[in-house]
Amino acid sequence: MSETEPKAKKKRKASVVVNESWCKGCRICVEFCPKQVFEMHGLKAVVRNESACILCYQCEMLCPDFAIAVNEIKDNDRAV
Ligand code: SF4
Ligand code: SF4
């Protein structure tokens, strides 16, 4: 067993993107996101609190217009 990996729990980082041109403003994501990541700007949902996302993917599954893309950002993905 290697002891080189730190055991500290890291918060998983999320990328949450709303494709505005597909969003029809139904508010489902605003209502169902457990972390209030979204808010409405007029008739469009916008991401206002991406860092609160817990990667539950509810918004992606529930959006009837497939306008939301949620992805986990891995450490390896970050530009150095
Ligand atoms: S669930 Fe989809 S269509 Fe509805 S407001 Fe959110 S992003 Fe827009
Ligand atoms: S994945 Fe879950 S926590 Fe993250 S924005 Fe969507 S509904 Fe909210």
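The values are calculated or read from the model by the stated rules, or taken from the named source; none is laboratory data. Small disclaimer: the values here were computed from a predicted structure and weren't measured. As a convention, Cβ positions derive from the backbone with ideal geometry for all residues, glycine included, and neighbour counts pool all protein chains shown.
Within the range 19-33, residues that are part of a loop (DSSP other than H, G, I, E, B) have Cβ atoms under 6 Å from residues that are away from ligand 2 (no atom under 16 Å from the Cβ) in these pairs: G25/L43, counting only partners at least 6 apart in sequence or on another chain. Just one of the listed residues (V17, V30, V47, V37) is of a type in the set (V, I, T), within 20 Å of D75 (Cα to Cα) and within 11 Å of ligand 2 (Cβ to nearest atom), namely V17. Scanning the range 36-54 for residues that are part of a loop (DSSP other than H, G, I, E, B) and crowded, with 16+ Cβ neighbours inside 10 Å yields V37, C53.
Within the range 37-80, restricting attention to residues that are of a type in the set (V, I, T) and farther than 12 Å from V17 by Cα, the residue that is nearest to ligand 1 (Cβ to nearest atom) is I54.
Determine if the range 37-47 includes at least one residue that is modelled with pLDDT under 95 and not β-branched (V, I, T). Taking every residue of the range 37-47 in turn, none turns out to be modelled with pLDDT under 95 and not β-branched (V, I, T).
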